[in-house]
Amino acid sequence: MDDKIQAAFEAGIKLGALYHQWVGTPISPETAHTVETAIENAVGLQPFVTDIKVRIDTGLMVLNSFGYSELAGKMFDVSITTKVGDAVCRAKLALENEYPLMKILSIE
């Protein structure tokens, strides 16, 4: 299989897994950075990941009566880089037109 195709697949599968694994996690503005770091550390362990940056938009949180929110897909701003052989893929998960869209930014 072509390394570029595999690098794109790896980026996409990791973003999809990240999204579905973490959505619903209890979170507050005070714990957001800890959750960002935990996601980066967990996903960064996976094969072919060379870089990942996770930001959570705390401005989109709606705190419940207990003082926390649930992490929603629209809160994610994630960039990931995967490398397979000599192929490098950069991809992103971010809110676009009110939808948490995943897309390939570049493949080299």
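In the neighborhood of Asp86, defined by Cβ-to-Cβ distances under 15 Å, what is the net charge if each Lys or Arg adds +1 and each Asp or Glu adds -1?
With Lys, Arg at +1 and Asp, Glu at -1, the neighbours total -1.
Mind pulling the angle between the C-alpha long axis of helix 32-44 and the longest principal axis of the chain? Nearest 10 degrees, somewhere in 0 to 90.
20 degrees
Quick one: check the C-alpha center-to-center distance for region 71-85 versus region 1-43, whole angstrom.
5 Å
Want the number for Asn64 to Ala94: 0.36 nm per residue separation, take away the alpha-carbon distance, what's left?
8.4 nm
Within 15 Å, Cβ to Cβ, of Tyr99, how many net charges do the neighbouring residues add up to if Lys/Arg are +1 and Asp/Glu are -1?
Summing Lys/Arg as +1 and Asp/Glu as -1 gives -1.
With the crude spin-label approximation of a point 7 Å out along Cα→Cβ, what separation in nm comes out for Glu108 versus Asn41?
Those two pseudo-labels are separated by 3.0 nm.
At a threshold of 8 angstrom on Cα-Cα distance, excluding pairs fewer than six apart, so keeping six or more, what relative contact order does the chain reach in percent?
31 percent
Within 10 Å of each candidate Cβ there may be at most 13 other Cβ atoms; applying that plus a DSSP loop requirement, which GluC sites (Glu not before Pro) in region 24-97 survive?
Listed in order of number, the matching sites are Glu30.
Given an 8 Å cut-off on Cα distances and at least 6 residues of separation, report the relative contact order of region 57-108 as a percent.
Once normalised by length, the contact order is 27 percent.
So what does log10 I(q)/I(0) come out to for the chain at q = 0.14 Å⁻¹, using the Debye formula with one equal point on every Cα and no solvent?
-0.54
What accessible surface, in Å², does a 1.4 Å probe find on Ser106, ignoring ligands, DNA and RNA and rounding to the nearest 10?
Number for this one is 40 Å².
For the chain, set up a Gaussian network in which alpha carbons nearer than 10 Å are linked by springs, and say which option among Asp86, Asp57, Asp77 fluctuates the most.
Checking each option, the largest mean-square fluctuation is seen for Asp86.
Give me the accessible area of His33, 1.4 Å probe, in Å² rounded to the nearest 10.
The value for His33 is about 120 Å².
Based only on Cα atoms, what Rg/Rh ratio does region 1-45 have, Rh being taken as Kirkwood's radius?
1.12
What does the convex hull of the Cα atoms come to per residue for region 37-84, in Å³?
Roughly 77 Å³ of hull volume per residue.
Mind checking the dipole of the chain: about its Cα centre, +1 per Lys or Arg Cβ, -1 per Asp or Glu Cβ, Debye to the nearest 20?
60 debye
What length, rounded to one decimal in nm, is gained on full extension from Asp86 through to Glu30, with 0.36 nm per residue of separation minus their alpha-carbon distance?
Taking Asp86 through Glu30 to full extension adds about 16.2 nm, to one decimal.
Could you state how much accessible area Thr34 has, in square angstrom rounded to the nearest 10, with a 1.4 Å probe and all protein chains kept in place?
Estimated to the nearest 10 Å², Thr34 gives 100 Å².
The values are calculated or read from the model by the stated rules, or taken from the named source; none is laboratory data. A quick note: this is a predicted structure, and the numbers were derived from the prediction, not measured. Here the Cβ is made from the backbone with ideal geometry for all residues, glycine too, and neighbour counts use every protein chain on show. Only protein heavy atoms, including side chains, enter the accessible area calculation; ligands, DNA and RNA are left aside. Shrake-Rupley method; radii C 1.70, N 1.55, O 1.52, S 1.80 Å.
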